């Protein structure tokens, strides 16, 4: 599919339009997984051209639309209009703005039966502002995260974005957890417990929403990204 990549077996990543954070454009990315039953699981859907939607529909029926953090909830509406039979699954924290939506379920530490065969999941807790769902695609040994880990290439000839990425601790190739997110983890004991469950999974690849994904040796990369939690 144009603007897309089969990152692993039955797992595709598809780029979307950038969003701005403090005036800095961030790339966006959705993750599509073909489940064992043939249905599609879509994490953080993005706006895509009609021809790409057609290619995606050819993979199977879109059954689940997932927002792993409150920051990604707004991205579900467009796809719910496109796929009215798909179920909406939201994070534990849902603002009043989205309360009127009909969610099939709220994401938690245990995978629902409908995708438990394919995916593990856990809530990364301990942050006073936002919690994030992490997923593990068992068959491809891929960890799926959203905002907590970022890995931005340094743009040539753009010193200000480069400086911001370096100061934030998210510059490629080392990447990491942005400093503002690190500072808002107020319950580090709880965060370490969440991280321990995540690191117990058998994964070798990492997909993230913002920046370069990791296609091998992802577990050491994730451990380094969260090393600050040890202190």
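Which fully enclosed strands (runs of 3 or more DSSP E) of segment 9-88 have 3 or more residues being farther than 26 Å from residue 109 by Cβ?
11-21, 24-34
Assuming residue 146 fulfils every condition listed in (1) at pLDDT 95 or above; (2) under 30 Å from residue 49 (Cβ atoms); (3) under 15 Å from the mean Cα position of the chain (by Cα) apart from one, which condition is it?
Just one mismatch for residue 146, condition (1).
Can you confirm whether segment 89-97 contains a residue that is modelled with pLDDT of 95 or more and farther than 27 Å from residue 181 by Cβ?
The answer is no; no qualifying residue exists.
If I filter segment 36-43 for residues that are surrounded by 15 or more Cβ atoms within 10 Å (Cβ to Cβ) and closer than 30 Å to residue 162 by Cβ, do I get at least one hit?
The answer is yes; a qualifying residue exists.
Residue by residue through segment 139-166, note down the ones that are surrounded by fewer than 19 Cβ atoms within 10 Å (Cβ to Cβ), within 25 Å of residue 229 (Cβ to Cβ), out of contact with any helix residue (DSSP H, G or I) (no Cβ under 9 Å at 6 or more places or on another chain) and in contact (Cβ under 8 Å) with a residue 40 or more places away in the chain.
Hit for segment 139-166 is 164, nothing else.
If residue 200 satisfies all but one of (1) surrounded by 15 or more Cβ atoms within 10 Å (Cβ to Cβ); (2) under 20 Å from residue 109 (Cβ atoms), what's the number of the condition it fails?
Unmet for residue 200, out of (1) surrounded by 15 or more Cβ atoms within 10 Å (Cβ to Cβ); (2) under 20 Å from residue 109 (Cβ atoms): (1).
Do you know which residues across segment 207-231 are under 17 Å from the mean Cα position of the chain (by Cα), closer than 14 Å to residue 171 by Cα and either assigned to a helix (DSSP H, G or I) or without any contact (Cβ under 8 Å) to a residue 12 or more places away in the chain (or both)?
Selection gives 221, 225.
Quick one: is residue 88 touching a helix residue (DSSP H, G or I) at 6+ places or on another chain (Cβ under 8 Å) and either free of Cβ contacts under 8 Å to residues at least 12 places away in the same chain or surrounded by fewer than 19 Cβ atoms within 10 Å (Cβ to Cβ) (or both)?
Taking the combined requirement at face value, the residue does not satisfy it.
Among (1) under 20 Å from residue 26 (Cα atoms); (2) exposed (fewer than 14 other Cβ atoms within 10 Å of the Cβ), where does residue 46 come up short?
(2)
Taking segment 147-183 only, how many residues are more than 20 Å from residue 206 (Cα to Cα) and in a loop (DSSP other than H, G, I, E, B)?
Within segment 147-183, residues that are more than 20 Å from residue 206 (Cα to Cα) and in a loop (DSSP other than H, G, I, E, B) number 4.
Given the options 195, 190, 206, name the one that is under 19 Å from residue 108 (Cβ atoms), surrounded by 13 or more Cβ atoms within 10 Å (Cβ to Cβ) and in contact with a helix residue (DSSP H, G or I) (Cβ under 7 Å, 6 or more places away or on another chain).
Just one listed residue meets the conditions, 195.
Of all residues being surrounded by 19 or more Cβ atoms within 10 Å (Cβ to Cβ), within 30 Å of residue 118 (Cβ to Cβ) and in contact with a strand residue (DSSP E or B) (Cβ under 7 Å, 6 or more places away or on another chain) in segment 167-180, which is modelled with the lowest pLDDT? Just the residue, please.
My answer is 170.
Could you tell me whether residue 102 is over 15 Å from the mean Cα position of the chain (by Cα) and assigned to a loop (DSSP other than H, G, I, E, B)?
Criteria met by residue 102.
Can residue 134 be described as surrounded by 20 or more Cβ atoms within 10 Å (Cβ to Cβ) and in contact with a helix residue (DSSP H, G or I) (Cβ under 6 Å, 6 or more places away or on another chain)?
When the stated conditions are applied, residue 134 passes them.
The values are calculated or read from the model by the stated rules, or taken from the named source; none is laboratory data. Everything numeric here is computed off the predicted structure, so don't read it as measured data. Counting neighbours? That spans all protein chains shown, and the Cβs are built from the backbone with ideal geometry, glycine included.
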